[in-house]
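Peer 1: I have a structure I would like to understand better, so I am pasting it below and will then ask my questions one at a time.
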Amino acid sequence: MDHFPTNWGRPRNDAFDAYNTYPFHVRPDNGPRDAFADNVQRTQQPIVTGTSVLALKYKDGIMMAADCLASYGSLARFKDIQRLHEVGKFTVIGASGDMSDYQYLQTTLDELLISEEITAADGHSLGPVEIHEYLSRLMYGRRSRLNPLWNSILVGGVKDGKSFLAYVDLLGTTYSSSTLATGYGAYIAQPLLRKAVEGREMDIDENEARKIMTDCLRVLFYRDARSLNKYQIATVTDSGVAISPSMELGTQWGFAEGIRGYGAQTQ
Amino acid sequence: MPGTPSIQRPTQHQFNPYSDNGGTILAIAGADFSIIAGDTRQSEGYNIQTRYAPKVFRLTDRAVLAVNGFAADGNMFVKKVKQRLEWYRHAHAKDMPLRAIARLIQTMLYAQRFFPYYVYNILGGIEEDGSGAVYSFDPVGSYERETCRAAGAAQSLVQPFLDNQVYFKNQVPPPGRAHPTHLPLRDVLDIVIDAFTSATERHIEVGDGLEMYIVLAKGRTLQGVEAAQEISARTDGERVFVLRRDLKKD
């Protein structure tokens with residue numbers, strides 16, 4: 001019951017507030033209120049995070065790679081996490097950033113696929129272009145409500161003979177390119193990828209693409225303190241999506257023996 | 001400070017919904033044409049995100065829109081403008097006139113006055129009287145019709161150059177003659193290309209590729225710029241062409 005008569009609308013007779021002198025802005029608002037509104041938590045910073053995702057276009061389609069680590073700050077917390085995810089028959093996504101937001105996205109996309117492909121069953125299926133458009137609208141919508149999903153996501157796939165590779169992040173920023181890298185990889189791996197791939201996408205076979213990828217992952221493992229030497233590689237080609245089991249990176253630390261510090265320390 | 005509470009809140013890291021994706025756009029109007037151009041680099045900080053992300057979009061056969069600033073807002077804004085123009089087409093069985101598109105853009109921008117699209121818009125095309133026109137906007141919708149305008153990362157490099165080359169500022173005409181009131185298409189194209197190659201030299205956020213949209217008034221031809229690719233829906237009215245050039249990638 002609203003006990004403020006001014007909120008009841010125009011009175012039946014003009015005995016009360018005949019000239020609407022009660023200013024609108026001071027009328028008390030007694031509408032229904034969410035008692036918990038002040039306590040709703042929004043993602044203000046990522047907590048459990050994944051580091052770089054790399055992707056490139058090659059002759060047969062696209063290749064994407066990510067390591068298996070989910071960090072809790074500087075703690076290597078979960079060391080067998082899948083950061084590459086198959087969406088439908090033509091698409092793979094890879095996420096860096098907050099892993100719980102990423103798991104929410106996986107659920108959302110799986111539900112989308114159920115309603116759009118299985119329930120509809122109209123013979124139409126979602127390709128990488130549609131998945132990327134959906135994700136970018138979702139991410140931009142969330143950032144516009146100042147409640148972002150704290151991720152940078154790569155979307156890649158092949159459908160109807162066309163390969164597609166694009167990026168979307170927590171701001172809703174999107175772009176497309178023949179090589180992509182998120183997070184630290186944008187600084188360290190992207191220059192290497194561009195040098196190896198740009199302009200010769202159609203000359204690179206799967207073996208060479210794998211070599212380029214593992215080389216980049218190795219450099220990242222050497223230089224990115226939030227990375228791991230366990231990784232997965234996904235390929236999307238005309239014959240579908242294939243996500244590898246987790247593999248170990250071969251690393252070489254023999255040179256460390258000879259290092260005697262930097263700068264003044266020479267001994 | 002007197003009157004301020006003595007209890008200080010801890011400083012919180014606040015989510016910033018905006019970013020700056022660099023790049024530069026530019027438009028120049030001629031007597032019966034107009035040119036709208038933009039580079040294709042999209043960057044964030046020192047990172048080049050991609051070498052090809054278009055900033056210039058054909059709206060109708062007589063209107064082209066260039067957007068610069070925060071790329072996510074820009075793409076969303078262009079998407080919404082295109083949708084409004086499609087609705088107009090379905091309602092009235094014709095394309096919206098340029099000056100009406102300009103007013104539409106102003107209302108769409110001002111509608112977001114308290115959570116603005118972080119985007120500088122330049123609209124170019126052909127007015128209903130057949131003259132070339134350029135409209136420039138600020139992020140919240142202030143706009144005016146002009147002859148030429150540059151916006152974006154290298155605005156401060158390009159606009160003075162345009163003032164000098166298009167408006168003939170600080171130039172003295174030869175004795176007994178006046179400055180031309182309108183420049184020919186070929187000259188304007190050269191000015192645009194020079195503006196972007198120069199901006200590429202001196203600004204790190206400009207480069208990779210250049211897209212120039214040429215809008216021609218009804219009945220006028222390209223006259224010597226035949227390399228341009230036509231993208232107009234009809235060829236019996238105003239026509240739109242694209243011309244692409246490489247810019248330095250470093």
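Peer 1: So which of A:VAL241, A:VAL236, A:VAL219 ends up being outside any helix (DSSP H, G or I) and open to solvent by 20 Å² or more (accessible area, probe 1.4 Å)? Give the derivation first.
Peer 2: Working: A:VAL236 fails: open to solvent by 20 Å² or more (accessible area, probe 1.4 Å); A:VAL219 fails: outside any helix (DSSP H, G or I).
Checking each option against the conditions leaves just A:VAL241.
Peer 1: Identify, by number, the condition in (1) under 16 Å from the mean Cα position of the chain (by Cα); (2) closer than 30 Å to B:GLN112 by Cα that A:LEU180 doesn't meet.
Peer 2: (2)
Peer 1: Now, a different point. Report whether or not B:TYR135 is in a loop (DSSP other than H, G, I, E, B) and either touching a strand residue (DSSP E or B) at 6+ places or on another chain (Cβ under 6 Å) or closer than 22 Å to B:VAL206 by Cα (or both). Show your work before the answer.
Peer 2: Values: in a loop (DSSP other than H, G, I, E, B): no; either touching a strand residue (DSSP E or B) at 6+ places or on another chain (Cβ under 6 Å) or closer than 22 Å to B:VAL206 by Cα (or both): yes.
It is false that B:TYR135 is in a loop (DSSP other than H, G, I, E, B) and either touching a strand residue (DSSP E or B) at 6+ places or on another chain (Cβ under 6 Å) or closer than 22 Å to B:VAL206 by Cα (or both).
Peer 1: Turning to a different aspect of this structure: Looking only at the stretch B:44-58, count how many residues are assigned to a strand (DSSP E or B) and within 7 Å of chain A (Cβ to nearest Cβ). First the steps, then the outcome.
Peer 2: Within the stretch B:44-58, the first condition is being assigned to a strand (DSSP E or B), and the residues that meet it are B:44, B:47-50, B:56-58.
With within 7 Å of chain A (Cβ to nearest Cβ) added as a condition, the list becomes B:47, B:49-50.
Qualifying residue count, the stretch B:44-58: 3.
Peer 1: Are any residues in the stretch B:77-86 within 14 Å of another protein chain (Cβ to nearest Cβ) and either open to solvent by 40 Å² or more (accessible area, probe 1.4 Å) or among the aromatic types (Phe, Trp, Tyr) (or both), and if so, which ones? Before the answer, list the steps.
Peer 2: Filtering the stretch B:77-86 down to residues within 14 Å of another protein chain (Cβ to nearest Cβ) leaves B:77-80, B:83.
The answer is B:PHE77, B:LYS79, B:LYS80, B:GLN83.
Peer 1: Please note which strands (runs of 3 or more DSSP E) are completely contained in the stretch A:115-196 and include at least 1 residues that are open to solvent by 30 Å² or more (accessible area, probe 1.4 Å) and within 21 Å of A:MET213 (Cβ to Cβ). Break it down into steps so the answer makes sense when it comes.
Peer 2: Details: elements: A:151-159, A:162-169, A:174-176, A:179-181.
Those strands (runs of 3 or more DSSP E) span A:162-169, A:174-176.
Peer 1: Another question about this same structure. Could you please find all residues in the stretch B:206-250 being open to solvent by less than 40 Å² (accessible area, probe 1.4 Å), in a loop (DSSP other than H, G, I, E, B) and in contact with a Gly (Cβ under 7 Å, 6 or more places away or on another chain)?
Peer 2: B:VAL206, B:ALA217, B:LEU247
Peer 1: Then there's this: What pairs come up if the first residue lies in the stretch B:8-19 and is open to solvent by 90 Å² or more (accessible area, probe 1.4 Å), the second is at pLDDT below 80, and their beta carbons are under 8 Å apart, counting only those six or more places apart or on different chains?
Peer 2: B:GLN12/A:GLN44; B:HIS13/A:GLN44; B:GLN14/A:GLN44
Peer 1: What's the total number of residues in the stretch B:87-109 that are open to solvent by less than 30 Å² (accessible area, probe 1.4 Å) and outside any loop (DSSP other than H, G, I, E, B)? It would help to see each step written out before you state the result.
Peer 2: Start the filter on the stretch B:87-109 by keeping residues that are open to solvent by less than 30 Å² (accessible area, probe 1.4 Å), which leaves B:96-98, B:101-102, B:104-105, B:108-109.
Filter once more, so that each one left must be outside any loop (DSSP other than H, G, I, E, B): B:98, B:101-102, B:104-105, B:108-109.
Within the stretch B:87-109, residues that are open to solvent by less than 30 Å² (accessible area, probe 1.4 Å) and outside any loop (DSSP other than H, G, I, E, B) number 7.
Peer 1: Being within 14 Å of chain B (Cβ to nearest Cβ) and either at pLDDT 95 or above or surrounded by fewer than 13 Cβ atoms within 10 Å (Cβ to Cβ) (or both) narrows it down to one residue among A:SER52, A:SER96; which is it? Write out each step before concluding.
Peer 2: Values: A:SER96 fails: within 14 Å of chain B (Cβ to nearest Cβ).
Unique residue meeting the criteria: A:SER52.
Peer 1: Take the conditions within 14 Å of chain A (Cβ to nearest Cβ), open to solvent by less than 10 Å² (accessible area, probe 1.4 Å) and touching a residue at least 40 places away in the same chain (Cβ under 8 Å) and apply them to B:GLY74. Does it pass?
Peer 2: Values: within 14 Å of chain A (Cβ to nearest Cβ): yes; open to solvent by less than 10 Å² (accessible area, probe 1.4 Å): yes; touching a residue at least 40 places away in the same chain (Cβ under 8 Å): yes.
Yes, satisfied.
Peer 1: Just for the stretch B:142-156: of the residues that are in contact with a Ser or Thr (Cβ under 7 Å, 6 or more places away or on another chain) and free of Cβ contacts under 8 Å to residues at least 60 places away in the same chain, which one is surrounded by the most Cβ atoms within 10 Å (Cβ to Cβ)?
Peer 2: For the stretch B:142-156, the residue satisfying everything is B:TYR143.
A quick yes/no check of all residues on (1) modelled with pLDDT of 95 or more; (2) under 24 Å from B:ALA233 (Cα atoms); (3) in contact with an Asp or Glu (Cβ under 9 Å, 6 or more places away or on another chain):
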{"position": "B:VAL64", "(1), (2), (3)": "yes, yes, no"}
{"position": "B:ASN68", "(1), (2), (3)": "yes, no, no"}
{"position": "B:TYR88", "(1), (2), (3)": "yes, yes, yes"}
{"position": "B:ARG103", "(1), (2), (3)": "yes, yes, no"}
{"position": "B:ILE126", "(1), (2), (3)": "yes, yes, yes"}
{"position": "B:GLY132", "(1), (2), (3)": "yes, yes, yes"}
{"position": "B:ASP138", "(1), (2), (3)": "yes, no, no"}
{"position": "B:GLN155", "(1), (2), (3)": "yes, no, no"}
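Peer 1: Can I ask one more? Could you list, in sequence order, the residues of the stretch B:59-75 that are in contact with a Leu (Cβ under 7 Å, 6 or more places away or on another chain) and not in a loop (DSSP other than H, G, I, E, B)? Talk me through it step by step, then tell me what you get.
Peer 2: Here is the first cut: in the stretch B:59-75, the ones in contact with a Leu (Cβ under 7 Å, 6 or more places away or on another chain) are B:59-60, B:62-63, B:65, B:72.
Of everything in the stretch B:59-75, those that are in contact with a Leu (Cβ under 7 Å, 6 or more places away or on another chain) and not in a loop (DSSP other than H, G, I, E, B) turn out to be B:LEU59, B:THR60, B:ALA63, B:LEU65, B:ALA72.
The values are calculated or read from the model by the stated rules, or taken from the named source; none is laboratory data. These numbers come from a predicted model, not from an experiment. Note: ideal-geometry Cβ built from the backbone for every residue, glycine included; neighbour counts use all protein chains shown. All accessible areas refer to the heavy atoms of the entire protein, side chains included, with ligands and DNA or RNA removed. Shrake-Rupley method; radii C 1.70, N 1.55, O 1.52, S 1.80 Å.
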